[in-house]
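Derivation of every value follows stated rules applied to the coordinates shown; laboratory data play no part. Please read these numbers as outputs of a predicted model, since none were measured by experiment. Cβ sites come from the backbone with ideal geometry, for glycine too, and all protein chains shown count toward neighbours.
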Amino acid sequence: MASKSLVKIIKSPDLDKLKEVILVYGKEEFLKLQFLQIVKKSYKNLNILWGDELELEKLISLFSSNSLFSSKTVVAVKNFEEFIKKLKKDELKRFLDFCIKLSKGNKLILVSKLEKLPSKEPYKTLQNAGDVLVSTPLTEKGFAISLKKKFISENIEISDELLVYLANLLKNDLFYAKQEIEKLILYVKDKNKITKEDIDRIIYPKVEESIFNFIHKFFTKDIECLKILKALLDTGYHPFEIQSLILYQGNKLLLYKTLKGRKSEKQIFLELGLKFPFQIKQLKEQDKKLSKEELINLIKDLYMLEIEQKVFYKDINKSLESFILKFLF
């Protein structure tokens, strides 16, 4: 079955017309959040669960005992792909049979972070059995129009030229735009008109890559971290902030290497404060790339770098870049 646009569903929501099983996927997380908010307004008994914490038996049991106040059961499973990863072959078959036979009126909403659906199970069966909604980012024009509508609803004027300028700063990211636009609206509320000076003073440009992506690529010796470093520095990150995070992660990685073999992994991750699978996965990837000696030398070099910057007044940006190049090559 062809995917339906989540944007169109949000604009004209008629949830009762959707099938019992609804699979939501795609890149734009903000639209998924909006959709769940609409579902919550329509079905007060919505139960939101997380895939990495959910067991199959619990999911099935929720639909076997309807609420005293409603004959419908509505459940949303976020991070659906994490739920699927845990299922054994027989459990997966049981889950798909359950989805196919789900009673009319009930809703099971499966929200995935996947940008593309695999052509294998369970996605193959789910596409045939339910409705598939794809959450794609708005076009540049659509993004600008959504900003314009928000300003109109607040009785705030903005020129088309400034609208394009603002949209470019926010990189077509609805999640990020929401908080930045709310700040801007509060700032110009009294004068009801936006100038370029207002935008430059209030809006913090969207960085394409995060500091955490930089840290992971740095410790896996991926030269892509140089590109991310430039973006971080260009958008206001101070070199000392970046260096502090390198030191923090370096010490964490060194401790992991030291404790390996002495304690169970579960105990080590508990001590390191790592709770989520992706954090553990990244740490293990970094561990494979670096020896204990390399980490010790990195930490020593980092302390020497700070002395050069703070005592001998070396250019902080250039000296950080040189430090990173030395580590990578």
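Quick notes on this structure:
- Sparsely packed trypsin sites (Lys or Arg not before Pro) within region 123-230, loop by DSSP, other Cβ within 10 Å at most 11: Lys189, Lys191
- Span from the region 133-161 Cα centroid across to the region 255-317 one, whole angstrom: 43
- Helical content alone sets the calculated 222 nm signal of the chain at -18500 deg cm²/dmol, taking -39,500 (n - 2.57) per DSSP H segment of four or more residues and averaging over every residue.
- Computed from Cα atoms, the angle from the helix 140-153 axis to the main principal axis of the chain rounds to 80 degrees.
- Region 41-110: GluC sites (Glu not before Pro) in DSSP coil with no more than 13 other Cβ atoms inside 10 Å: Glu53, Glu55
- Assigned charges on the beta-carbon of Lys, Arg, Asp, Glu; the chain dipole about Cα centre (debye): 1100
- Electrostatic dipole magnitude of region 211-328 [Cβ: Lys, Arg +1; Asp, Glu -1; Cα centre; debye, to 20]: 540
- Calculated FRET value between Lys89 and Ser61, using beta carbons and R₀ = 22 Å, to 0.05: 0.55
- Average Cα contact separation per residue, the chain, under 8 Å, 6 or more apart, as relative contact order %: 16
- Residue among Gly26, Leu254, Asn297 farthest towards the positive dipole end of the chain, charges placed on Cβ: Gly26
- Rounded to 10°, Cα long-axis angle of helix 292-310 versus longest principal axis of the chain: 70
- Between the Cα long axis of helix 316-328 and the first principal axis of the chain there is an angle of about 80°, rounded to the nearest 10.
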